[in-house]
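The values are calculated or read from the model by the stated rules, or taken from the named source; none is laboratory data. As the structure is a computational prediction, the values presented were derived from the model and not from experiment. Backbone-built Cβ (ideal geometry, glycine too); neighbour counts: all protein chains shown. Note: areas computed on protein heavy atoms with side chains; ligands, DNA, RNA excluded. Shrake-Rupley method; radii C 1.70, N 1.55, O 1.52, S 1.80 Å.
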Amino acid sequence: MKIGVIGVGYVGLSTAICLASIKHEISIFDINKEKIKQISEKKLPFFERGLQEILKNVISSKNLIPVKNLNELVGNTEGCFICVGTPTKANSIDLTQIINAVKSLADSIKQNDKNDYKIIIRSTIIPNTTRNTILPILNEKLRELKFGLSVVPEFLREGNALDDFMNVDKIVIGSSDENSIIFVKKIFENFKDRCEFIETSLESAELIKYTNNAF
């Protein structure tokens, strides 16, 4: 499958490298051009056990393609993960990066006239954020286009991301759209005999991530 990843931080790049290693064709984008350049040169911007060698392999095989703009990413993919940062602030989280990413992605989807593009939220967000903040932006900007929206949280521990991704005990898919659920299941098809697939609402998927973090 041809899938995009927005965000080359710990979650985004780990997700992209691991998905590319199971033979998906991943386009990855970030507004930080220096990090995109680093990845193009097969250099990991942070240390994570086992990922550097896989990064070299997936860049060489062109299963991981760093791109310089969102139009290139959207034009070459069927859907994408949003993995930008949501730093904590007093009694809440800062949604600036994810709101900007969603707006830019929606603009690019519209420019490319991509109907039924699948948008997968992987950033950590407080329950109700997808429905109350992200969905209204998409509805406003993509009025003439069908799109899919889901929340698929990550459960990666820093220092153990490769093992956690490849040996995950559950894949949570939050969505009310059956086509989006099918799309995500297809991405993670390699894991269907190894872990549980949990289909739930947008809000429950967001809450499961926070509950998992608490444990």
**Q.** Listed residues Pro153, Ile208, Ile98: farthest to the positive end of the dipole of the chain (Cβ charges)
**A.** Ile98
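Express in nm, to one decimal, how much length is gained between Lys43 and Lys186 on full extension, taking 0.36 nm for each residue of separation and deducting their alpha carbon distance. Don't skip to the answer; put the middle values down first.
On the way: separation 143, 0.36 × 143 = 51.48 nm, distance 2.91 nm.
In short, 48.6 nm is gained.
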Q. Heavy-atom accessible area of Asp169 with all protein chains present, probe 1.4 Å, nearest 10 Å²?
A. 100 Å²
Q) Between Asp163 and Tyr210, what is the label-to-label distance in nm when each label sits 7 Å out along the Cα-to-Cβ direction? A) 3.0 nm
**Q.** Given (i) 1.23; (ii) 0.94; (iii) 1.10, the label whose value is Cα Rg over 2.2 N^0.38 Å derived from this model
**A.** (ii)
Q.
At 1.4 Å probe size, with the rest of the protein present, what percent of the exposed accessible area of the chain is carbon and sulfur atoms?
A. 48 percent
**Q.** For the chain, calculated [θ]222 nm from helices alone, where every DSSP H run of n ≥ 4 adds -39500 (n - 2.57)
**A.** -12000 deg cm²/dmol
(Q) So, taking all protein chains as they sit and a 1.4 Å probe, how much accessible area belongs to Lys118, in Å² rounded to tens? (A) 20 Å²
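For an R0 of 25 angstrom, estimate the FRET efficiency from the Cβ-Cβ distance between Lys23 and Asp107 and round to the nearest 0.05. Walk me through the numbers before you get to the answer.
On the way: r = 30 Å, r/R0 = 1.21.
Efficiency at R0 = 25 Å is approximately 0.25.
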Q) If you build a Gaussian network model of the chain, linking Cα atoms that sit under 10 Å apart, which residue out of Leu142, Leu105, Leu19 swings the most? A) Leu142
Q.
Beyond a 20 Å Cα-Cα separation, which of these cross-linked pairs lie in this structure: Lys62/Lys118; Lys2/Lys62; Lys37/Lys141?
A. Lys62/Lys118; Lys37/Lys141
(Q) For the chain, what does the accessible surface come to per residue with a 1.4 Å probe? Please give it in Å². (A) 48 Å²
Q. Gaussian network model of the chain, Cα springs within a sub-10 Å range: biggest mean-square fluctuation belongs to which of Pro45, Pro127, Pro136?
A. Pro136
